[in-house]
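Contents: one structure, followed by commentary.
The values are calculated or read from the model by the stated rules, or taken from the named source; none is laboratory data. Every value quoted in this text rests on a predicted model; they were computed, and no experiment measured them. Note that we place each Cβ from the backbone using ideal geometry, even for glycine, and neighbour counts take in every protein chain shown. Just so you know, the surface numbers come from the protein's heavy atoms only, side chains and all, with ligands and any DNA or RNA stripped out. Shrake-Rupley method; radii C 1.70, N 1.55, O 1.52, S 1.80 Å.
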Amino acid sequence: SNGEEFHALQKCLLEGNVFQLLVPLMHKLPSVAGTGSTQVSAPYDIFIDSNQNIYVADFNNQRVQQWQSGQTNGSTIAGVTSQSGNGFNQFNSPTSVFVDLNDNLYVADRDNYRIQRWAPNSVIGVTVAGGKKQVLSLLVYCLSE
């Protein structure tokens, strides 16, 4: 690396040993980090659901972005762009995302030490694990054993 940061995502399909580019979400590499609908800043994790929608834990922007299949513009489906906090509609460093079969979104909210569940089309999340540093640390310790 030449010191440039990469804030881009590409959706690829693995067929045998060959990656086939399906949907370029960011058009240039390296891209500039930002808060726009086609931008992310320090994406930590992605999840692709059965409909090929992409969910991104957008760490520095304190949000989760969703790109519906085939779209180049994303939308914020959880969190408040560039506003960290501990409210039920906020994150403080989202690091991981998962979507279950009922379309509930689960987000690991690192610096709030919690896992939030967001129902489809919800504007707030519900804490389903953690919320206190000691509880989440214990959970991580148990899972690593």
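Test of understanding: among 73, 17, which residue is modelled with pLDDT under 85, farther than 22 Å from residue 108 by Cα and open to solvent by 60 Å² or more (accessible area, probe 1.4 Å)? Exactly one of 73, 17 is modelled with pLDDT under 85, farther than 22 Å from residue 108 by Cα and open to solvent by 60 Å² or more (accessible area, probe 1.4 Å), namely 17. Per this entry, residue 82 is counted among residues that are hydroxyl-bearing (Ser, Thr, Tyr) and at pLDDT 90 or above.
Taking the numbered list (1) within 16 Å of residue 110 (Cα to Cα); (2) open to solvent by less than 60 Å² (accessible area, probe 1.4 Å) in turn, residue 86 passes all entries but (2).
Report, by residue number, each residue of region 55-68 that is more than 8 Å from the chain's Cα centre (by Cα) and farther than 18 Å from residue 121 by Cβ. The answer is 60, 61, 62. Within region 129-145, is even one residue open to solvent by 40 Å² or more (accessible area, probe 1.4 Å) and either among the acidic types (Asp, Glu) or at pLDDT 95 or above (or both)? There is at least one residue in region 129-145 that is open to solvent by 40 Å² or more (accessible area, probe 1.4 Å) and either among the acidic types (Asp, Glu) or at pLDDT 95 or above (or both). Hey, among the residues in region 29-61 that are in a strand (DSSP E or B), open to solvent by 30 Å² or more (accessible area, probe 1.4 Å) and among the aliphatic types (A, V, I, L, M), which one's farthest from residue 90 (Cα to Cα)? Filtering first and then ranking leaves 48.
Look at (1) assigned to a loop (DSSP other than H, G, I, E, B); (2) surrounded by 13 or more Cβ atoms within 10 Å (Cβ to Cβ); (3) aliphatic (A, V, I, L, M); (4) at pLDDT 55 or above and you find that residue 64 fails only one, number (1). The numbered conditions (1) in a loop (DSSP other than H, G, I, E, B); (2) at pLDDT 95 or above; (3) of a type outside the set (Asp, Glu) are all true for residue 101 except (2). Tally the residues that are more than 13 Å from residue 79 (Cα to Cα) and in contact with a Lys or Arg (Cβ under 7 Å, 6 or more places away or on another chain), restricting the search to region 96-115. Final tally of qualifying residues: 2.
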